[in-house]
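Comments concern the structure below.
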Amino acid sequence: MIKADRVVTSTCPYCGVGCTLQLHVKDDYIFKVTSPFDSPVNHGNLCVKGRYGYDYVYHPKRMTTPLIRKTPQKAGKRTQAFDLSEWREVTWEEALDYVADRLVEIYQRDGSDAMAVYCCAKATNEDNYLLQKMYRALFRTNNVDHCTRLCHAGSVVALQQAIGSSAMSNTASQVMLNDVFIVTGSNTTENHPIIALQMKDAVRQNGAKMIVVDPRRIELVDFAELWLPLKPGTNVPVFSAMAHVIVKENLVNWEFVNSRTEGFNDYLESLEKFTPEYAEEVSGVPAEDIRKAARLYANAQNGAIYWGMGISQLSHGTASALALIHLAFLTGHVGRDGTGLNPLRGQNNVQGASDMGAMPFHYPGYMRVDDENNAKKWEQTWNIEPGGLSRELGLTTTEILTHAHPGGVRALYIMGENPMMSEPNLNVTREHMKQLEFLVSQDIFINESGAFADVFLPATPFAEKDGTFSNTDRRVQRVRAAHPPRGQARPDWEIICDLAQRIESRLGRPTVKWDYSSPEEVLREMASVNQDYAGVTYE
C-alpha cells in the first residue's frame, strides 16, 4: 500500500457543488483522492470525476512551456495549430513582452473598444478578479465576460431584478430540510450527483415530496411525487398556471406578500389568462396535475425550488426564472432554512467568477459599471484618475466574437475558456476567430480556441495553485496546491500580475498595484469594496 507524504485539503474543480477533496500526494504526484465525512458540502461522497479525475494534471499533452507561433498570424487568414512543430518554445520574458507589446500597440492605435477578454469559471476568484481588473484599469474597457453568459445569465438577471442577489438563497444541503421541493430544468443525477444524492435521501429518509418539471423522464422521476412532462419551452405557462391556482384557491402567504413584495396587483393581472386548462393546451401537462403541484408546493411547511440550465438557457430564460421566483414570493418559501430559490451552477467557480466582476455589466459584487458611485469606488481602490474607468456597458461573450472585425474587437485574451466549443454556431465562430488581429490563450492544454492563438501561456490546474472557489450555494472554499507546478507552468494570478506590470509600464500610468504577495492579498483588496466578501468581525 502506498503511503502518502502528505494529504492536502482542497476543493473539487468540476461542478458547482464544491466538494471537499483530500489529495493524497507521494513524490509530488497525486495517487488518490478521498473526502472527509465531516465535509458540510458532500459528507464524504464524491462523484466519479471528483474521485478519479485528476490524471489530466500529469497528461503528456499538457503544455508547460510558453509558446509563440512560428508563422505570424494575420487577420482574416488566422489558422489553427495543434501540431507543436508550428510553435516555438520561448522564455516567460519573451512571451510576456511580446503579449504586452502587441496589446498596447493595438490599444493605443484603436482604443478600448478593440480590446476584449474571456475570464474563466474554472479559475479561482483571485485569478478572475485580477484579469477583469487588468482590462478595466489598464485598457479601460468593460468587454469582459465568461461562460455564465452561456449558462445562468438568465437566472442572474432575474434574481437581481427580483431580490437584488443573483446567488442561491440557501445551501444545497438544506434540501434535507424541505418537505416539498421542485426540480426543473436539471438532470441533477448526472450534472450534480452529490446534490441528487441529498435529494433522494430527503425523499427516502425524511418523506419529502419532490415535483419534477422536465420534458425528459430523468432518474429523479423515480423518486418524485409528481412529474410534469411539459413540452420544451413551455415553462412560463406551466409555472404561471401554478401561480394562478395558488391565487384563485387563496393559498397565498399574504403576510409575506404584503410585507416583502411590490407590484402584486400588476402581477395578478398578468396571471388572468394562465389557467391550468390554458397551460395544458400549450404544454401538454394535464391541468389537474398542475393544480396538484401548486397545492403541494403552496401548502408545504418548507418549500424550495432547484433549477438548472434547462431554465436559464431558454430564449426566455429570464422570464422562466422570474416565473419560479414569483411562485416562491406568493407562498413565502424564501428567506428561511429549508426554503429558497436555488439555481444549480454548472462549473466549479461560475458563481465566484460572476461575484468577481467577470461580466460586462458589473464590477465585483454586481456593482453596475454605468453607476457613477460604483465607478468612483473602484477608481479610488485601483488608483485611477477620476473618470478614468469606462461607464459604458461592455460586450457579452457572444457579442465579443461577432464584433471581431476591422473597427471592432481586434485583440482577444482567453483564460481557460473555449469559444470554439461553447458558441452556438461553430462555423460562424471559426470565421470570427480568423478575423482577430491578435489572440492570447492562457490555459493548460491547446484546445480548439487556443490553436488559433499567437501566444500560448501555460497555466496551472487546481492542484498546483492556491486561492478560493465560490460554490453554487455561495460557500467560499480554499484551493491549496498539492505540489509545485509542472515544467515552467505558472499560476494564473502570477501570469496576470507579471503581464499587467509590463502593460502598465508601456502605458506610462501610475501603478494600480500588481505586486501581490499571495492570493490572500488579492482577495482582501477585492473584499475591501465588495462587502459580500468582507466577512463578519466578532468581538
Please verify whether region 337-344 includes one or more residues that are open to solvent by 40 Å² or more (accessible area, probe 1.4 Å) and assigned to a loop (DSSP other than H, G, I, E, B). yes
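Working only within region 105-130, note down all residues that are over 15 Å from the mean Cα position of the chain (by Cα) and open to solvent by less than 10 Å² (accessible area, probe 1.4 Å).
Within region 105-130, the first condition is being over 15 Å from the mean Cα position of the chain (by Cα), and the residues that meet it are 105-117, 130.
Scanning region 105-130 gives 106, 114, 115, 116, 117, 130.
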Starting from region 513-533, take each residue that is at positive phi and list its partners that are open to solvent by less than 30 Å² (accessible area, probe 1.4 Å) and assigned to a helix (DSSP H, G or I), counting only C-beta distances under 8 angstrom and pairs at least six apart or across chains. 513/525
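Looking at 304, 300, 243, can you tell me which residue is within 29 Å of residue 164 (Cβ to Cβ), small (Gly, Ala, Ser), out of contact with any strand residue (DSSP E or B) (no Cβ under 7 Å at 6 or more places or on another chain) and buried (at least 19 other Cβ atoms within 10 Å of the Cβ)? Steps first, please.
Numbers: 304 fails: out of contact with any strand residue (DSSP E or B) (no Cβ under 7 Å at 6 or more places or on another chain); 300 fails: out of contact with any strand residue (DSSP E or B) (no Cβ under 7 Å at 6 or more places or on another chain).
Answer to the check: 243.
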Apart from one, (1) within 27 Å of the chain's Cα centre (by Cα); (2) part of a helix (DSSP H, G or I) all hold for residue 240; the odd one out is (1)
Go through region 371-387 and give me each residue that's open to solvent by 50 Å² or more (accessible area, probe 1.4 Å) and part of a helix (DSSP H, G or I). 372, 373, 376, 377, 380
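Can you tell me which residue within region 21-41, out of those that are under 13 Å from residue 478 (Cβ atoms) and modelled with pLDDT of 95 or more, is nearest to the chain's Cα centre (by Cα)? Break it down stepwise before answering.
Just the residues of region 21-41 that are under 13 Å from residue 478 (Cβ atoms), to begin with: 21-23, 39, 41.
From what is left, the residues that are modelled with pLDDT of 95 or more are 21-23.
Numbers: 21: 20, 22: 24, 23: 24 Å.
Ranking the qualifying residues of region 21-41, first place goes to 21.
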Among residues of region 394-408 being on the phi < 0 side of the Ramachandran plot, part of a loop (DSSP other than H, G, I, E, B) and out of contact with any Ser or Thr (no Cβ under 9 Å at 6 or more places or on another chain), the residue surrounded by the fewest Cβ atoms within 10 Å (Cβ to Cβ) is 406
Quick count over region 58-96, residues being open to solvent by less than 20 Å² (accessible area, probe 1.4 Å) and among the charged types (D, E, K, R), is 3
Pairs only if they're at least six apart or on different chains, beta carbon under 8 angstrom, first in region 6-17 and touching a residue at least 40 places away in the same chain (Cβ under 8 Å) and over 15 Å from residue 188 (Cβ atoms), second in a loop (DSSP other than H, G, I, E, B) and among the polar types (S, T, N, Q); list them, first residue then second. 11/348; 11/471; 12/348; 13/348
Of the residues in region 417-458, how many are over 18 Å from residue 64 (Cα atoms), touching a residue at least 24 places away in the same chain (Cβ under 8 Å), open to solvent by 10 Å² or more (accessible area, probe 1.4 Å) and of a type in the set (S, T, N, Q)? 3
Could you figure out which of (1) open to solvent by 10 Å² or more (accessible area, probe 1.4 Å); (2) assigned to a loop (DSSP other than H, G, I, E, B); (3) at pLDDT 90 or above; (4) farther than 22 Å from residue 419 by Cα isn't true of residue 176? (2)
Those residues of region 421-461 which are of a type in the set (A, V, I, L, M) and over 22 Å from residue 130 (Cα atoms), in sequence order: 421, 426, 428, 433, 436, 446, 451
Could you tell me which residue of region 1-29 is surrounded by the fewest Cβ atoms within 10 Å (Cβ to Cβ), considering only residues that are touching a Leu at 6+ places or on another chain (Cβ under 8 Å) and β-branched (Val, Ile, Thr)? 7
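Which one is nearest to the chain's Cα centre (by Cα), of the residues in region 254-284 that are in contact (Cβ under 8 Å) with a residue 60 or more places away in the chain and open to solvent by less than 50 Å² (accessible area, probe 1.4 Å)?
Step one: of region 254-284, the residues in contact (Cβ under 8 Å) with a residue 60 or more places away in the chain are 255-257, 260-261.
Of the ones still in play, those that are also open to solvent by less than 50 Å² (accessible area, probe 1.4 Å) are 256-257, 261.
Numbers: 256: 31, 257: 31, 261: 28 Å.
This residue is 261.
Return the residue satisfying two criteria in turn: it lies in region 361-377 and is hydrophobic (A, V, I, L, M, F, W, C) and under 16 Å from residue 396 (Cα atoms), and of such residues it is nearest to the chain's Cα centre (by Cα). Full working, then the answer.
Our first condition is that a residue be hydrophobic (A, V, I, L, M, F, W, C); within region 361-377, this holds for 361, 367, 369, 375.
Remaining after also requiring under 16 Å from residue 396 (Cα atoms): 361, 369.
Numbers: 361: 15, 369: 19 Å.
Only one residue fits best here, namely 361.
Quick test for you: out of 391, 368, pick the one residue that is closer than 30 Å to residue 311 by Cα, of a type in the set (Lys, Arg) and surrounded by fewer than 18 Cβ atoms within 10 Å (Cβ to Cβ).
Values: 391 fails: closer than 30 Å to residue 311 by Cα.
That would be 368, the only listed residue that is closer than 30 Å to residue 311 by Cα, of a type in the set (Lys, Arg) and surrounded by fewer than 18 Cβ atoms within 10 Å (Cβ to Cβ).
The values are calculated or read from the model by the stated rules, or taken from the named source; none is laboratory data. Keep in mind that what you see is a predicted model, and the values were worked out from it rather than measured. Cβ atoms come from the backbone with ideal geometry, glycine included; neighbour counts cover every protein chain shown. These area figures cover heavy atoms from the full protein model, side chains too; ligands, DNA and RNA do not enter into them. Shrake-Rupley method; radii C 1.70, N 1.55, O 1.52, S 1.80 Å.
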